[in-house]
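Following: one structure in structure tokens, then a few remarks.
The values are calculated or read from the model by the stated rules, or taken from the named source; none is laboratory data. Note that the structure is predicted; figures quoted are calculated from it, not measured. Reconstructed Cβ throughout: ideal geometry from the backbone, glycine too, with neighbour counts over all protein chains shown.
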Amino acid sequence: MKIGFIAEPYEESEASGMGYAVLETMRNLPLQAPQHEYVYFSSKPISKNLVSAPFTNVRIPKGFVRQFFWFLVLPKKVDVLLFVTPLLPLVVPRVPVIMFCKELGSQKIRPRTLAGRISNFVRDRILMPISLSRTLHIIAPSQATKDDLVKFYKVSPEKVSVVYEGFQDMEKFQSVSEPVAAQMTPFFFFAGKIKYRKNVHSIVEAFILFKNRTHSNTKLLLAGGYSGAYYEDMLERLRAAHLDTEVFFLGYVPVGLLYSLYKDAIAFVFPSLNEGFGMPIAEAMSLGTPVITSNLSSMTEVAGDAALLVDPSSPQAISEAMERLCSDEALRKTLQTKGYVQAQHFSWPKMAKESIQVIEHALR
């Protein structure tokens, strides 16, 4: 069988969660099922060094409109075409398509700007239903995402298969690890884009409550891109609480420092409002770092019983979890042990192998 995969959004460096997932999918599909041929469609060339198995790279135009017309006249180069939402090849007349639906957070979290609301309406209410109707089958990274598809789009449950994703193996960066600056320790840690959906504002509010209650010397370190009014509002709140020197917005950090930030943190704090999977949770657990995360969405599936689950809308609850992990060494050790075991349930080779099984079954 010849399998096509639209490798968008494709990123080689500073890859976001979505870009990293696309990259690992490209790498692992041909490794787990070498009996098939693979054609990767991308708007920029894919380095042969990134994928150790044979594949063909076909270039496609950039931009939604041009890609729409390109796929509209796509000749039957492949037997099946895989794609990742939010990329939506609405009409591919000659080839069956299978969708990787990563998450549907925009259905539950209202955009803060008019432009964002218009964009979400067009994508979620107009384009997504068309794409779903054209899809032979859907692969979701969690039961929570499958439930969202059934709830918001009335998709038949039989049309959706849950295949858990993997995570970045942080241990391989131990040899290039960089120490965390002494003035930043001890610390709680968050990794991800500094944006509303990640609920960073509640982490900041929880940290303020924690500091006011305990007067601890613990810091808060936040790794990920930041800018705009959302960041400025948090910074102003920290200044008003006289804690702006206790919180460090680090921006993008190299992998060596990222390894140390995960490994040395008192806890990884990730109370996101919605996640399709929640890769950073598994990354933290794989390094033995206790995790505080949300008691909803896919985060409960990834964390299992190996994390403290909190109401993400309650800074007080997040704050109390911080205090527990700061003061209870036995609890930290328990979560460390459970986290190592839980993280072993997830890997990219496992994801690729199970995805191929779903694809083969759907095409029978």
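Structure notes:
- Any hit, region 263-273, residues being more than 24 Å from Ser298 (Cα to Cα), assigned by TED's automatic domain parsing to the domain that holds Ser319 and either modelled with pLDDT under 95 or touching a strand residue (DSSP E or B) at 6+ places or on another chain (Cβ under 8 Å) (or both): yes
- Being out of contact with any strand residue (DSSP E or B) (no Cβ under 7 Å at 6 or more places or on another chain) and not in a strand (DSSP E or B) is a property that Ser313 has.
- All helices (runs of 4 or more DSSP H) inside region 182-264 with 3 or more residues being surrounded by fewer than 21 Cβ atoms within 10 Å (Cβ to Cβ) and of a type in the set (Gly, Ala, Ser): 228-240
Condition check ((1) of a type in the set (Val, Ile, Thr); (2) surrounded by fewer than 17 Cβ atoms within 10 Å (Cβ to Cβ); (3) modelled with pLDDT under 95) across all residues:
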site	(1), (2), (3)
Ser314	no, yes, no
Arg324	no, yes, no
Val341	yes, yes, no
Met351	no, no, no
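- Criterion: of a type in the set (Ser, Thr, Tyr), modelled with pLDDT of 95 or more and closer than 30 Å to Ile139 by Cα - qualifying residue of Thr289, Thr218: Thr289
- Across region 28-57, the qualifying residues are those that are under 22 Å from the mean Cα position of the chain (by Cα) and among the aliphatic types (A, V, I, L, M), and the one among them that is modelled with the highest pLDDT is Leu29.
- Filter result for Pro45 (surrounded by fewer than 20 Cβ atoms within 10 Å (Cβ to Cβ), touching a Leu at 6+ places or on another chain (Cβ under 8 Å), in the same structural domain as Val358 (by TED's automatic domain parsing) and assigned to a loop (DSSP other than H, G, I, E, B)): no
- Some residue of region 331-339 being at pLDDT 95 or above, in contact with a Lys or Arg (Cβ under 8 Å, 6 or more places away or on another chain) and of a type outside the set (A, V, I, L, M): no
- One residue from Ser133, Ser106, Ser119 being of a type outside the set (A, V, I, L, M) and loosely packed, with under 13 Cβ neighbours inside 10 Å: Ser133
- Residue in region 79-86 that is hydroxyl-bearing (Ser, Thr, Tyr), part of a loop (DSSP other than H, G, I, E, B) and either out of contact with any strand residue (DSSP E or B) (no Cβ under 7 Å at 6 or more places or on another chain) or closer than 25 Å to Pro141 by Cα (or both) present: yes
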